[in-house]
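See below for the structure under consideration.
Readers should treat all values here as calculations from the given coordinates under stated rules, not as data from a laboratory. Only a predicted model underlies this, so the values are computations on that prediction, with no experimental measurement involved. Glycine also receives a Cβ, built like all others from the backbone with ideal geometry; neighbour counts cover every protein chain displayed.
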Amino acid sequence: MKDTTSVPEAVVRSLAMLPAGGILTMAVFAVLTLITVRLLSIGMTEGWHPVRSRVGWQVWATERLMDSSRTFLFPLYASMLTPIWLRLLGADIGKDVEASTVLMVPKFTKVADGAFLADDTMVASYELGGGWLYISRAKIGKRAFLGNSGMAAPGRRVPKHGLVAVLSAAPEKAKSGSSWLGSPPVRLRRASGDGDSSRTSSRTRN
């Protein structure tokens, strides 16, 4: 900027540098988030822990970072980059997974092949009660669907080929192919039928 001869020229140069500056800022934040979440997962164990404890602080800090990344690193979410990003953070993500703006504790999250996580879902988040915090693994089964703002709490799973509807919670136990609505969840009757997977989940890209 010191070589500019006028204010308009300085403004133009500044505007030209904004895209590069934005990309650089996002890259730095992504690296810091990745390193910090990985470090916070060390020594994080399943079970009940006092809220004011080392593990309690690790889980809280991890979830706050994951939540912030959905805002500041939004291009990494609701895209083909999302499964890669979640794997880098430590989550167990299968093949052909589609994920949107999911909030999770990566260390305790397993998503099987072909599963779908819609907008603003929560997986393996912590539970609070009486000054204690509970964390455990949560699993999204093969080709399962977790709807918008749906939740798979610690220790719960969405069954294989199962469905948890919008604003609903995964049950404690569920059979393959079952559907659930509400919180607490109520099982829905759903008639299953054969379909052409090449038109839906197994599409080929030309």
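A few notes on this one:
- Selected from Arg156, Arg143, Arg38 as most flexible by GNM, with the chain as the system and alpha-carbon contacts under 10 Å: Arg38
- Under 15 Å, Cβ to Cβ, from Ser125 - net charge with Lys/Arg +1 and Asp/Glu -1: +3
- Taking a Cβ cut-off of under 11 Å around Val37, the surrounding Lys, Arg, Asp and Glu residues balance to a net charge of +2, with basic ones at +1 and acidic ones at -1.
- Value of relative contact order over the chain, rounded to a whole percent, pairs C-alpha under 8 Å and six or more apart: 12
- Listed residues Gly94, Gly150, Gly47, most fluctuating in the chain (Gaussian network, C-alpha, under 10 Å): Gly47
- Cβ-derived FRET efficiency at R0 35 Å, Arg187 paired with Ser79, nearest 0.05: 0.60
- Distance cut-off 20 Å, percentage of C-alpha pairs in the chain lying past it: 61
- The chain: angle of helix 54-72 to the longest principal axis, Cα-based, in degrees nearest 10: 60
- Lysine pairs in the chain whose alpha-carbon atoms fall under 15 angstrom of each other, counting only those eight or more residues apart or on distinct chains, come to 15.
- Convex hull volume of segment 138-187 per residue (C-alpha atoms, cubic angstrom): 53
- Gain upon complete extension [Asn148, Leu15; 0.36 nm per residue less C-alpha separation]: 44.1 nm
- Fully extending the segment from Thr25 to Trp60 would add 10.2 nm, taking 0.36 nm per residue of separation and subtracting the current Cα-Cα distance.
- A crude spin-label estimate for the pair Arg52 and Arg70, with each label 7 Å from Cα along the Cβ direction, gives 2.9 nm.
- Cα-based helix-to-principal-axis angle, 7-40 vs the chain, degrees rounded to 10: 40
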